[in-house]
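The values are calculated or read from the model by the stated rules, or taken from the named source; none is laboratory data. Please read all numbers here as calculations on a predicted model, not as lab measurements. When we count neighbours, we look across all protein chains shown, and the Cβ atoms used for this are built from the backbone with ideal geometry, even at glycine. We work out accessible area using only protein heavy atoms, side chains counted, and drop any ligands, DNA or RNA first. Shrake-Rupley method; radii C 1.70, N 1.55, O 1.52, S 1.80 Å.
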Amino acid sequence: MNAAQVVENLKQRFPNEPEYIQAVSQVLPTIEEEYNKHPEFEKANLIERLCIPDRVCEFRVTWVDDQGKVQTNMGYRIQHNNAIGPYKGGLRYHKSVNLGILKFLAFEQTFKNSLTTLPMGGAKGGSDFSPRGKSDAEVMRFCQAFMNELYRVIGPDEDVPAGDIGVGGREVGYLFGQYKKLTHQFQGVLTGKGIPFGGSLIRPEATGYGTVYFLTSMLATRGIELKGKKVLISGSGNVAQYATEKCIQLGATVLTLSDSDGYIYDPDGIDEAKLAYVKELKNVERGRIKEYAEEYPNAVYHAGERPWHEKADIALPCATQNEINGEQAQALVDNGVIAVAEGANMPSLPEAIKIFQDNKLLYAPGKASNLEMSQNSERLSWTAKEVDDYLKRIMNDIHENCVKYGTQPDGYINYVKGANVAGFMKVASAMMSQGIV
């Protein structure tokens, strides 16, 4: 395989999908050496089959707003690869959603799920509908209309969606209710459901907690503890909230949170009481992070900016893709950051990743440190401690695989290469075993 040539061919075939091309171009060069050790992969054209989704589902979603006006949005489900298990990946409701973004997310999800050691394939879906500013009734009607099409291609042994940006417990509940109405089946077809109807304890916390657990494993390779460290976190949704919570529990001081309008910097640190306020603000009141600075006057709100110029020890980007550019990455290095662990999907641009690696930072890509937990369909009831212990084990296993494939001759661990090769080899082996399908 010539990685550059494969990327160029994909660019010509899919010229209007820059995020997808970016994701592919960041992965293929890191697996090229390992891929070329297996001539049988090239004979089966494995790389092209792995890059292009199995199936792209695209549909119109028609719903009625509170004024009685008919609205239309686009709905998508990208089923990328199911070689190691049913398709699995989140649904995103945001105005920025388009085919290219979801193809990049589904591609990444395939590697991410492979790394977990759980039997899950990769998928992603969503809509350009934004819940922001919508009433509960409008969100419900949209979710019901969306599920009217989505239910045809999902199922507990086929494709299991979860939440993502704009899709939390409320949305998952509405989606599940409509799925149940359409199919007459109570099945484990969505993760992120409420506890009373089949949800998993610690499922909401898993991605944020997992990011911090992976961070602690990275720090341990250099004999460093998280306790006492200052942390910059972007985002204020599910991943950011629970990354903050776990940092607090482990003795770190979280200084920042953000949303699409700007970020807050709290020099006193975000403690448990302040985090409880953020959860109420974002999850219940659906407010904006600037209100934090109104509630806590020592905090400063920076409109239209991201927190990467603040001084700290650790950065956890937990918002969205491409939120750290080269200049911001250099600012993190100059301000003494020693580790970056991604809670979001592909939040660092390629030039930012190069700066992190050139300066030998501990850097974990989202596919390694951002974990989406899945609950099995056997309706078993695990305690919160059992789920948390399982999560820790999974993150430790992922870290070991990254170290195995990513350790350089000078001892530096290239977690990007390690995660990509480990994820790729598992999927590739499964694909080869199952023939040309």
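Annotations
- Taking strands (runs of 3 or more DSSP E) as the structural unit, those lying wholly within region 287-367 and holding at least 1 residues that are of a type in the set (Ser, Thr, Tyr) correspond to 300-303, 362-364.
- Residue ID - surrounded by the most Cβ atoms within 10 Å (Cβ to Cβ), chosen from residues in region 267-302 that are free of Cβ contacts under 8 Å to residues at least 40 places away in the same chain and among the basic types (Lys, Arg): Lys274
- Filtered residues of region 36-53 (kept if within 27 Å of the chain's Cα centre (by Cα) and either farther than 30 Å from Glu149 by Cα or crowded, with 18+ Cβ neighbours inside 10 Å (or both)): Leu46, Ile47, Leu50, Cys51, Pro53
- The lone criterion from (1) modelled with pLDDT under 95; (2) open to solvent by less than 20 Å² (accessible area, probe 1.4 Å); (3) in contact with a helix residue (DSSP H, G or I) (Cβ under 7 Å, 6 or more places away or on another chain) left unmet by Thr117 is number (2).
- Of the residues making up region 91-132, those that are acidic (Asp, Glu) and over 26 Å from Asn148 (Cβ atoms) number 1.
- Residue in region 53-73 that is more than 22 Å from Glu171 (Cβ to Cβ), at pLDDT 95 or above and part of a helix (DSSP H, G or I) present: no
- Residues satisfying the stated conditions in region 127-160, i.e. closer than 19 Å to His94 by Cα, open to solvent by 30 Å² or more (accessible area, probe 1.4 Å), outside any helix (DSSP H, G or I) and not hydroxyl-bearing (Ser, Thr, Tyr): Asp128, Arg132, Gly133, Lys134
- Region 22-35, subset open to solvent by 20 Å² or more (accessible area, probe 1.4 Å) and within 19 Å of the chain's Cα centre (by Cα), residue nearest to Gly418 (Cα to Cα): Gln26
- Against the numbered list (1) open to solvent by less than 40 Å² (accessible area, probe 1.4 Å); (2) closer than 25 Å to Glu323 by Cβ; (3) at pLDDT 85 or above, Asn359 comes up short only at (1).
- Checklist (1) within 19 Å of Ala428 (Cβ to Cβ); (2) outside any strand (DSSP E or B) applied to Lys103, failing item: (1)
- Region 247-266, residues that are touching a residue at least 40 places away in the same chain (Cβ under 8 Å), open to solvent by 10 Å² or more (accessible area, probe 1.4 Å) and in contact with a helix residue (DSSP H, G or I) (Cβ under 7 Å, 6 or more places away or on another chain): Asp261
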